[in-house]
Amino acid sequence: MFEKLNPKQNDFLFDVINENMARINILQGSVRSGKTYISLISWIVLVSQFPKNSSFLMVGKTITSLKRNCLSLLSDLCKSFTFSTSKKEASLFGRIIYLEGVNDSRAEQKIRGMTLQAAYCDELTLFTEDFFSMLLSRLSMPIGTTNPDSPAHWLMKKYISRKDDLNLKIWDFYLDDNETIPTEIIEDMKKEYTGVFYDRFILGKWVQAEGLIYSKFANDTSAYIIDSFPIHDLQNIHVGLDYGTSKSKTAFIAIGFTKGYKDLIVLNEFTSKGVSSPEKMYEKFLEFYREIQREYGYVLTCYADCGGLGQVITRGLQSYCLQNKTPVKVYDCRKFRIIKRINMDWEFGTIYSNGEYI
Ligand SMILES: Nc1ncnc2c1ncn2[C@@H]1O[C@H](COP(=O)(O)OP(=O)(O)OP(=O)(O)O)[C@@H](O)[C@H]1O
Ligand SMILES: [Mg+2]
């Protein structure tokens with residue numbers, strides 16, 4: 001059914017078979033370290049140990065991510081496992097497994113009414129604290145996998161750091177444990193992460209970001225400054241707008257993607273702490289926008305901050321530009337999980353060349 005398990009995976013499976021589990025069971029550690037793989041094998045074993053009329057739950061951030069991360073692999077691993085994401089139900093050895101996404105507003109209500117024997121949770125740090133605590137009130141044995149996050153994350157603060165009081169057990173996994181990934185690829189992956197991301201996703205540590213996000217860049221900015229580049233290499237140009245409040249700055253950034261989205265070049269930027277009125281800000285924006293148009297010929301689209309009164313400010317900005325004979329296309333920015341924005345990892349879609357998201 002599966003390739004040779006490594007010692008860490010064997011330990012976890014051994015604990016499941018011998019019912020050496022706790023009330024809450026978490027597999028944590030580096031990316032691609034084999035947590036999901038062994039947790040799914042163990043889930044098969046665990047489910048089979050319960051009577052036929054038992055029911056179970058598998059939860060992911062969304063049903064789509066649950067399918068991508070777990071359900072497809074589970075059906076490869078075990079022919080008895082079948083699932084339907086539209087019905088939100090799966091079956092394993094004749095036992096029912098309900099499927100849910102944390103993001104589904106009806107999920108919480110539905111789970112409240114269920115009697116469950118065990119639950120499988122994919123990527124626990126993406127759950128809301130309320131959802132997880134409600135889940136705990138329904139059953140006694142969740143198994144969950146996760147990568148580390150900030151030490152201030154609810155999962156660390158309220159659960160993992162109190163593991164002795166809570167009857168919670170942790171199994172740690174590291175990238176080097178996964179013998180199924182060739183060493184050269186592991187070495188390449190290690191180079192892809194720096195700073196806090198290296199600490200979390202490679203070393204498997206719960207560490208604080210401390211404000212430094214792109215540390216590789218921040219520690220060597222001169223290596224990223226270029227004097228010139230062929231303008232015809234630019235495939236499209238976008239402007240991002242962030243509206244400052246009393247504490248934060250207002251910022252406009254113009255970026256260009258080179259062909260095939262190979263490189264991202266910051267073409268110009270404007271920041272200001274003391275924008276006294278929307279009109280002043282609109283004026284500055286128009287100047288900025290026209291300068292980009294003059295230099296590069298066009299701006300495809302703008303993406304603006306849309307929290308609080310953001311959309312109202314954007315409307316004002318668009319009509320100001322129009323009154324000044326410069327029609328500007330402004331879309332609301334998409335607010336994914338911060339980590340996805342930083343990694344430019346869009347879960348729900350991609351940007352089309354006309355600037356719209358799908
Ligand atoms: N014992 C094994 N036999 C065969 N393939 C394995 C084994 N262990 C892990 N893998 C494979 O290694 C890859 C990474 O494993 P897995 O997805 O379980 O890691 P993970 O720790 O859940 O990673 P992430 O934190 O990124 O979700 C997968 O392609 C998985 O199928
Ligand atoms: Mg995983």
Inset, instruction - Pairs to check: 8/35; 67/88; 87/169; 157/249. Give those whose C-alpha atoms are more than 21 Å from each other in this structure. - result: 87/169; 157/249
Legend entry - Relative counts (whole %) of C-alpha pair distances in the range 232-342, using bins that are 10 Å wide: 13, 47, 32, 7, 0
Inset, instruction - State log₁₀ I(q)/I(0) for the chain at q = 0.08, 0.12, 0.13, 0.14 Å⁻¹ as given by the Debye formula over alpha-carbon point scatterers of equal weight, solvent excluded. - result: -0.53, -1.00, -1.09, -1.18
Legend entry - Extension gain from residue 162 to residue 225, taking 0.36 nm per residue of separation minus the Cα-Cα distance: 18.1 nm
Inset, instruction - Within 10 Å of each residue's Cβ, count the other Cβ atoms and sort 312, 330 from fewest upward. - result: 312, 330
Inset, instruction - Could you check what % of the DSSP bridge pairs in the chain are antiparallel, to the nearest 5? - result: 45
Inset, instruction - Determine the alpha carbon to alpha carbon distance for each of 110/163; 61/340; 247/280 and list only those over 25 Å. - result: 110/163
Legend entry - Residue exposure sequence - 277, 133 - by fewest surrounding Cβ within 10 Å: 277, 133
Legend entry - Ascending count of other beta-carbon atoms within 10 Å, so fewest first, for 238, 232: 232, 238
Inset, instruction - Would you compute, from DSSP H runs of 4+ residues alone, the mean residue ellipticity of the chain at 222 nm, taking -39500 (n - 2.57) per run and dividing by the full residue count, rounded to the nearest 500? - result: -9000 deg cm²/dmol
Legend entry - Cβ-placed point charges (K, R +1; D, E -1), dipole of the range 232-342 about Cα centre in debye, nearest 20: 380
Inset, instruction - Hey, could you get me the Stokes-Einstein D for the range 135-175, Kirkwood radius over alpha-carbon pairs, 4 °C and 1.567 mPa s, rounded to whole µm² s⁻¹? - result: 112
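Read the figures in this text as sums done on the coordinates, not as results from a lab. Owing to the predicted nature of the structure, the values given are computational and were not obtained by experimental measurement. No Cβ is skipped: glycine too gets one built from the backbone with ideal geometry, and neighbour counts run over all protein chains shown.
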